[in-house]
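Notes to accompany the following structure.
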Amino acid sequence: ETGVTQTPRHLVMGMTNKKSLKCEQHLGHNAMYWYKQSAKKPLELMFVYNFKEQTENNSVPSRFSPECPNSSHLFLHLHTLQPEDSALYLCASSQDTQGRETQYFGPGTRLLVL
Amino acid sequence: AQKITQTQPGMFVQEKEAVTLDCTYDTSDPSYGLFWYKQPSSGEMIFLIYQGSYDQQNATEGRYSLNFQKARKSANLVISASQLGDSAMYFCAMREGDDYKLSFGAGTTVTVRA
């Protein structure tokens, strides 16, 4: 069991819409991550939060805006997305950002931008 | 340079047989960790097994075992007694030193036949 939940599981949005993805972890972890998984590409790390502080922004376009109100919740706010942003967005958590900690993933949100 | 290489895009295995998934890695850091994740069609990335570079023994978790050959920089996953539920995409990943970032391979799709 992973203890990481994501909502919604599926999302279809137009390029002018604004939507948010939600991630919640029930593992007592302090680090949370957003990944993007596109077809035929390796997972791409987008953002990292450790103890609610953003520690990584992997050159992600500003149309993606993360928010981490506490160590259990992570949001990804989406606005004016492009069709190439269609992908599976995975959230993960770990005890902290020490390298030895295993990252546990949620089920992902499948996003389709029309 | 690619840090994780998975050369088998797809494999078929008969139920109850064993299957080996290849993974080679590239790092100059003497301290690193290797992970295997399973991703069913539902999308969730499920952590399977971990091997640390200084671990003396090969990792095992139930039907999963890791054939760690340090000199050859390979960390192959062996799934014994395959079950239909093992059909999924399998990813090898590595973190180096104290860096929390995971480098993922392209994945191998396993299809278990009855």
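The values are calculated or read from the model by the stated rules, or taken from the named source; none is laboratory data. Note that the coordinates shown come from a computational prediction; the quantities given were computed from them, not determined experimentally. Quick reminder, even Gly has a Cβ in these numbers, built from the backbone with ideal geometry, and neighbours come from all protein chains shown. In case anyone asks, the SASA skips ligands and DNA or RNA and just uses the protein heavy atoms, side chains included. Shrake-Rupley method; radii C 1.70, N 1.55, O 1.52, S 1.80 Å.
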Query - 1.4 Å probe, heavy atoms, protein only - residues of the stretch B:88-114 losing at least 20 Å² accessible area vs chain alone - result: B:PHE91, B:ARG95, B:ASP98, B:TYR100, B:LYS101, B:LEU102, B:PHE104
Report task. Treating only the Cβ atoms of Lys and Arg (+1) and Asp and Glu (-1) as charged, compute the dipole magnitude of the stretch A:38-89 about its Cα centre; round to the nearest 20 debye. Result -> 100
Query raised in the report: If you find the alpha carbon centre of the stretch B:39-53 and of the stretch B:1-28, how far apart are they in angstrom?
Result: 13
Query raised in the report: chain A: Rg/Rh from Cα coordinates, Kirkwood Rh?
Result: 0.95
**Report entry** Whole-number D in µm²/s for the protein assembly as shown (Stokes-Einstein; Kirkwood sum over Cα pairs; 4 °C, 1.567 mPa s)
**Finding:** 71
Report task. In whole angstrom, note down how far apart the Cα centers of the stretch A:54-106 and the stretch B:57-114 are. Result -> 24
Query - Heavy-atom accessible surface of the stretch B:67-114: percent carbon and sulfur, 1.4 Å - result: 49
Query - Surface share of carbon and sulfur [accessible, 1.4 angstrom probe, percent] for the stretch A:1-87 - result: 49
Report summary line: Treating every alpha carbon of the stretch B:27-89 as one equal point scatterer without solvent, the Debye formula yields log10 I(q)/I(0) values at q = 0.18, 0.19, 0.23, 0.27 Å⁻¹ of -0.69, -0.75, -0.99, -1.20
Report task. Give the accessible surface of chain A per residue, rounded to a whole number of Å², with probe radius 1.4 Å and ligands, DNA and RNA excluded. Result -> 47
**Report entry** Lys pairs under 17 Å by Cα in the protein assembly as shown, provided they are eight or more residues apart or on distinct chains
**Finding:** 13
Report task. May I ask for the percentage of alpha-carbon pairs in chain B that lie more than 17 Å from each other? Result -> 51
Requested in this report: Would you mind getting the accessible area per residue of chain B, heavy atoms of the protein chains only, 1.4 Å probe, in Å²?
Outcome: 47
